[in-house]
Amino acid sequence: MPFRDRTHAGQELALRLVEWAGSGDPVDVLVLALPPGGVPVAAEVARALGAPLDVLAAREISTPIRPETAIGAVVADDPPLYDRRSLAMMHLSEDRLGDVVVAERNELHRLEYVFRGRRPLPSVDGRTVVLVDDGLATGLTTRAALRFLRRHGPARLVLAVPVGSPRTIASIRPECDDLVCLEQPRTLHVVGEWYEDFGQVSDTEAARMLHAFHATA
């Protein structure tokens, strides 16, 4: 097991990102976590880079028939991003998922309030944005998040994860300018396989971590 927990993974990832930052001259770095699991990882990265930390909430879209299978993702008020292959296999159309999308978007806005209150997402225009999560399996929410950020004009868009599926990493690489992934095991069924402790991070815990980071930054 390469990582004891998310904090350890963040520390290891931070070491690589400090090297990455030292090899160039990143402009005005902003670290964004995909909550809740990405927050403890991203906190270590932001601390090492001396950068501000915030979150970009994203929600998976699934169906009542197969709630364990993600077929899409939604970020902010952007249109949903769907896995077209999964839609075809389940004989679903976007129109039939309207109620699901509304429910997930409502939950997304609730989460944004939990993490930021009424404070808006920081501007990413002209900045180096490092998007961090605790791992990359299917990559749907990550892809949706990267596309959302790209549309808002960052100078450089970086994805950083401790572990990821090689196939997903290869498919998502064109969505960002740089991609840092410490471990790419040949088979990755679930991200938690690569952590000794992969206990669930609650929204409340993640919000508390964010507040603690800002209090000591």
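Residues of the stretch 46-89 that are part of a loop (DSSP other than H, G, I, E, B), hydrophobic (A, V, I, L, M, F, W, C) and under 30 Å from Val18 (Cα atoms): Ala51, Leu56, Ala57, Ala76. Scanning the stretch 90-118 for residues that are out of contact with any strand residue (DSSP E or B) (no Cβ under 7 Å at 6 or more places or on another chain) and in a loop (DSSP other than H, G, I, E, B) yields Met90, His91, Leu92, Ser93, Gly117, Arg118.
In the stretch 119-152, the qualifying residues are those that are assigned to a helix (DSSP H, G or I) and among the β-branched types (Val, Ile, Thr), and the one that is nearest to Leu32 (Cα to Cα) is Thr142. Only one entry of Val163, Val130 meets the criterion of being in contact with a Phe, Trp or Tyr (Cβ under 6 Å, 6 or more places away or on another chain) and modelled with pLDDT of 95 or more, and that entry is Val163.
If I filter the stretch 30-45 down to residues being under 11 Å from the mean Cα position of the chain (by Cα) and in a strand (DSSP E or B), which single residue comes out as nearest to Ala9 (Cα to Cα)? Step through it out loud before you land on a result.
Step one: of the stretch 30-45, the residues under 11 Å from the mean Cα position of the chain (by Cα) are 31-39, 41-42.
Applying the additional criterion that residues be in a strand (DSSP E or B) yields 31-33.
Numbers: Val31: 16, Leu32: 16, Ala33: 14 Å.
Per the criteria, the residue is Ala33.
For (1) among the charged types (D, E, K, R); (2) crowded, with 18+ Cβ neighbours inside 10 Å, each residue gets a yes or a no:
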| site | (1), (2) |
| --- | --- |
| Leu131 | no, yes |
| Arg150 | yes, no |
| Leu159 | no, yes |
| Gly164 | no, yes |
| Cys176 | no, yes |
| Leu182 | no, no |
| Val190 | no, no |
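The values are calculated or read from the model by the stated rules, or taken from the named source; none is laboratory data. Keep in mind it's a predicted model, so treat the numbers as computed, not measured. Positions of Cβ are generated from backbone atoms using ideal geometry, with glycine treated the same way; all protein chains shown enter the neighbour counts.
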